[in-house]
Amino acid sequence: MILQPINPNNRLSAEHALFVGSSGSGKTTGVKQVGVIKATDQVALFDPYHDYDSLCGREVRRYTSLAAFARALFAARAAKGCRGFKIAYSPKDGANAKNLEAFSKVVWGAGDGLHKKPLKVIFEELAKCVNTSGAARGAFGEILTGGRKFGIHAICIFQRGQEVPKTVMGQCSIKWVGRQQRKQDAVYLANELDLPVDKIIALPKYHYLMKKDDHNIGQFDSGKLKKLAA
């Protein structure tokens, strides 16, 4: 059974983001540094390999039990004062489709379009947990296609664009691209995200291109990550 979010609010804007790059390109560092997460945000993390001990200077509370994670998340969302939090689910058996869907069901049920703060949701190791490059299904698909009106902002992290559902590419309004190791991966991302392939191919480690919804066709930002900070 999938828990249901409450209070749909079509006035909310789309804030999903993707971070794609080869191993060591700086994706997780990028999430911490380019402004998609703040210390005061309410954040749920699917973090199977313990990549986050802290986030934006705040300790990450970690649970290996889905039930304990769900209790902590719903209690934090319901608490007075709307304080920020960082709560992670790190299943004992790691990154797989079953664990991603179970996490997504909990997160989907925590959505509330009238909550004072959005729920930002980090999906690490996404490519290891999905079974299709077509449309995303289940609760994860619901978050991507319907999460906006319930105040859920998905942050999807993966290495190769071909390995994740096209729904991710289509629904994310913020697109961060790091170094690619293969030309064919760069070409795929250039075509899907409308970015210049030569710029992607030339990216050194820790450099990135970033495209947002307010950019016109052909526009993007570029930058370099700082030394890793929590």
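Put a dot 7 Å past the Cα of Y49, heading toward its Cβ, do the same for K149, and the two dots end up 3.7 nm apart. Between the amide H of L55 and those of V60, distances stay under 5 Å, these residues lying 5 or more places away or on another chain, with hydrogens modeled in the peptide plane. The aspartates and glutamates within cross-link reach of K116, meaning a Cα-to-Cα straight distance under 12 Å and a gap of 8 or more places when in the same chain, are D41.
Scanning the chain for long hydrophobic helices, with DSSP H runs required to stretch 27 angstrom or more by C-alpha along their axis and to average at least 1.6 on the Kyte-Doolittle scale, returns nothing. A simple spin-label model places pseudo-atoms 7 Å from Cα toward Cβ; at K224 and K199 they are separated by 1.8 nm. Expressed to the nearest 5 percent, the antiparallel share of DSSP beta bridges inside the chain is 25 percent. Other residues within the sphere of radius under 12 Å centred on the Cβ of I6, judged by their own Cβ, net out at +1 (K and R +1, D and E -1).
Between the alpha-carbon centres of region 148-182 and region 60-80 there is a gap of 25 Å. Extent along the principal axes, Cα only, for the chain: 48, 34, 32 Å, with the longest axis given first. Write down the percent of antiparallel bridges among all DSSP beta bridges whose residues are both part of region 120-230, to the nearest 5. Around 65 percent antiparallel, to the nearest 5. A simple packing score, the average count of other Cβ atoms within 10 Å per residue, orders the peptides 73-84, 141-152 as 141-152, 73-84, with the highest score first.
Rounded to the nearest angstrom and listed largest first, the equivalent-ellipsoid semi-axes of region 25-91 from its Cα gyration tensor are 20, 16, 7. Go through K128/K205; K117/K175; K92/K226 and tell me which ones have a Cα-Cα distance over 30 Å in this structure. Check vs 30 Å cut-off fails for K92/K226.
Put simply, when 208-218, 103-113, 59-69 are sorted by average Cβ atoms within 10 angstrom per residue, most first, you get 103-113, 59-69, 208-218.
Only the coordinates and a few stated rules stand behind these numbers; no lab work does. This is a predicted model, so every value here is computed, not measured. Positions of Cβ are backbone-derived with ideal geometry, glycine not excepted, and every protein chain shown enters the neighbour counts.
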